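Structure first, then comments.
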Amino acid sequence: MKNLNLLILLIVFICMVTCIYHCGEMQEKEIDSILKNNVFIKGNVLSIKQSNNHDFGIILLDVDSANVKEFIDTLKNGFYPYRVEHGKAELYATISDGISIGDKVIINSNERKATYYCHKSNQRFEGFLNVITGFNLEYVKENTSFK
């Protein structure tokens, strides 16, 4: 009887893990489809605002080039990880150590990447773009330069 209970618990545990895995996989596919919108932005860092949530922050860019003049779309349950307006752009993402004013940032939405070129250290970093939700969404609403 004890072995049967353990077997049932093991089966329930495996089913739960499988369900969680598949739900996460479907969410990733949805985010991938949302961010595959051909947005490409290249600019220089004007300012950096960092939250208290795992290095998340807002990087304000002076746009050198972009394939969109404005991008101010929002989602039902979140924000895109970037916004473009009047020759400026904001990137909402985890900020790597060493990023400073004057550094170059390239945002490639289709690849879900932000590439940082640091002039002082002569290094390159890549960051991952994701839809902004939860605590980070509130931080963006309160700290955006675009009001």
ask   = Only one of (1) without any contact (Cβ under 8 Å) to a residue 40 or more places away in the chain; (2) within 24 Å of GLU138 (Cα to Cα) fails for ALA66. Which number is that?
value = (2)
request  = Just give me the residues in the stretch 90-101 being acidic (Asp, Glu) and modelled with pLDDT under 90, in sequence order.
outcome  = ASP97
task = Assess whether ILE31 counts as being at pLDDT below 85 and within 16 Å of the chain's Cα centre (by Cα).
result = yes
request  = Select, from GLY78, GLY57, GLY43, GLY87, the only residue that is small (Gly, Ala, Ser), surrounded by 12 or more Cβ atoms within 10 Å (Cβ to Cβ) and modelled with pLDDT under 85.
outcome  = GLY78
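Can you confirm whether the stretch 49-56 contains a residue that is farther than 17 Å from PHE135 by Cβ and either aliphatic (A, V, I, L, M) or in contact (Cβ under 8 Å) with a residue 12 or more places away in the chain (or both)?
no
The values are calculated or read from the model by the stated rules, or taken from the named source; none is laboratory data. This one's a predicted model, so the numbers in the text were calculated from it and none came from an experiment. Cβ: placed from backbone, ideal geometry, glycine included. Neighbour counts: every protein chain shown.
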